[in-house]
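Only one structure is covered here, and it is reproduced in the block below.
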Amino acid sequence: MKKFKLQYKPFGEHSILIEWPQIISENVLKSVLLYKQKLENFEFKQKVYIKFAYNSILISYNSTINNIYDEILTLKAINSIDEVIDKSVFKMWKIPVCYDLEFGLDLEKISNKNNIEIPEIIHAHTSTIYRVYFLGFLPGFLYLGGLDKKIHFPRKSTPRMQIEKGAVAIGGSQTGIYPNESPGGWNIIGSTPIEFFNVQKENPCFAKAGDKIQFISVSKVDYDQIASSIATHDYIIESEVIDD
């Protein structure tokens, strides 16, 4: 695995921030996830809380850090531990999406501005296998990398006050799914009936960082049938274990 020069910084009195180069990269993601795994397997003297994003890990301690330099040396030593990330825990999820204009509120605008036909937008969006980098913004909101440059489109200058649950959208160089009804500034191109966050389940969100997502175009009839199956708990999301 590629080695990166990491930056260790105090973050308030209780936390340390570890930073990678500020790029969105699968190599960076793999390095972050491996370091996170090492931290989770290490027996700290006190309770710690670990959060991560594209290029960083934040480690928060229950009590004030008395000697930041010693703690950073400990973290560097943890990172030097020879450990291999368990790839078998990652999956590729196949997510059905209906791109009808009833759902794809911004498809025509993207088509006109990018000079690309709507069928080409759909083909570009479904032809890519996306990597889940992390979850944020809303519980169950997946930040996905790999969007085809042909359909990059800037976020709205004025966000919509209400976006429907399941809306599939493009924001800049990223694509994602709104797990619940909320305001948002991304451009809506379709909808999925799949539920991405359910607090009543043991694992509220089925996908996690390191997983992959493939969007599958479905008709409105298929969309409605899948939604009915989900409502009766008869639908199983198609997935497969990945090893890359």
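Assuming Gly146 fulfils every condition listed in (1) in contact (Cβ under 8 Å) with a residue 24 or more places away in the chain; (2) more than 18 Å from Glu108 (Cβ to Cβ); (3) within 16 Å of the chain's Cα centre (by Cα) apart from one, which condition is it?
(1)
Using the structure shown, decide if Phe90 is buried (at least 19 other Cβ atoms within 10 Å of the Cβ) and over 14 Å from Ile16 (Cα atoms).
Yes: the conditions hold for Phe90.
When you check Gln214 against the structure, is it crowded, with 16+ Cβ neighbours inside 10 Å, over 18 Å from Phe103 (Cα atoms) and modelled with pLDDT of 95 or more, yes or no?
Answer is yes for this residue.
Given Pro193, Pro159, which one is touching a residue at least 60 places away in the same chain (Cβ under 8 Å) and not aliphatic (A, V, I, L, M)?
Details: Pro159 fails: touching a residue at least 60 places away in the same chain (Cβ under 8 Å).
Answer to the selection: Pro193.
Check off (1) at pLDDT 95 or above; (2) touching a strand residue (DSSP E or B) at 6+ places or on another chain (Cβ under 9 Å) for Asp148 and give me the number that stays unchecked.
Of (1) at pLDDT 95 or above; (2) touching a strand residue (DSSP E or B) at 6+ places or on another chain (Cβ under 9 Å), only one is false for Asp148: (2).
Pick from Glu71, Glu13: which is assigned to a helix (DSSP H, G or I) and either among the charged types (D, E, K, R) or closer than 30 Å to Ser157 by Cβ (or both)?
Only one candidate qualifies: Glu71.
Ile170 versus (1) closer than 19 Å to Pro96 by Cβ; (2) touching a Pro at 6+ places or on another chain (Cβ under 7 Å); (3) assigned to a strand (DSSP E or B); (4) not charged (D, E, K, R): which is the lone unmet condition?
(2)
Within the stretch 191-236, which residues are closer than 21 Å to Ile122 by Cα, in contact with a Lys or Arg (Cβ under 7 Å, 6 or more places away or on another chain) and not polar (S, T, N, Q)?
The answer is Lys212, Ile216.
Report, by residue number, each residue of the stretch 138-163 that is out of contact with any Phe, Trp or Tyr (no Cβ under 8 Å at 6 or more places or on another chain) and over 16 Å from Gly190 (Cα atoms).
Asp148, Lys149, Lys150, Pro154, Ser157, Thr158, Pro159, Met161, listed by residue number.
When the residues of the stretch 172-210 are narrowed to those that are in contact with a helix residue (DSSP H, G or I) (Cβ under 9 Å, 6 or more places away or on another chain) and charged (D, E, K, R), which ends up farthest from Lys149 (Cα to Cα)?
Per the criteria, the residue is Glu195.
Name the single residue that is farthest from Ile226 (Cα to Cα) among those in the stretch 68-95 being modelled with pLDDT of 90 or more and polar (S, T, N, Q).
Checking each candidate, the answer is Thr74.
Restricting the search to the stretch 200-217, which residues are out of contact with any Ser or Thr (no Cβ under 6 Å at 6 or more places or on another chain) and under 30 Å from Thr158 (Cα atoms)? Before you say what the answer is, go through the steps one by one.
Step one: of the stretch 200-217, the residues out of contact with any Ser or Thr (no Cβ under 6 Å at 6 or more places or on another chain) are 200-214, 216.
Passing the criteria: Cys205, Ala207, Lys208, Ala209, Ile213, Gln214, Ile216.
Every residue in the stretch 33-68 that is within 13 Å of Ala209 (Cβ to Cβ) and assigned to a strand (DSSP E or B), please.
Across the stretch 33-68, the qualifying residues are Ile50, Lys51, Phe52, Ser56, Ile57.
For the subset of the stretch 23-62 comprising residues that are under 30 Å from Ile129 (Cβ atoms) and free of Cβ contacts under 8 Å to residues at least 12 places away in the same chain, which member is surrounded by the most Cβ atoms within 10 Å (Cβ to Cβ)?
Selected residue: Ser25.
The values are calculated or read from the model by the stated rules, or taken from the named source; none is laboratory data. Given the structure is predicted, the values throughout are model-derived calculations rather than measurements. We place every Cβ from the backbone using ideal geometry, glycine too, and count neighbours over all the protein chains shown.
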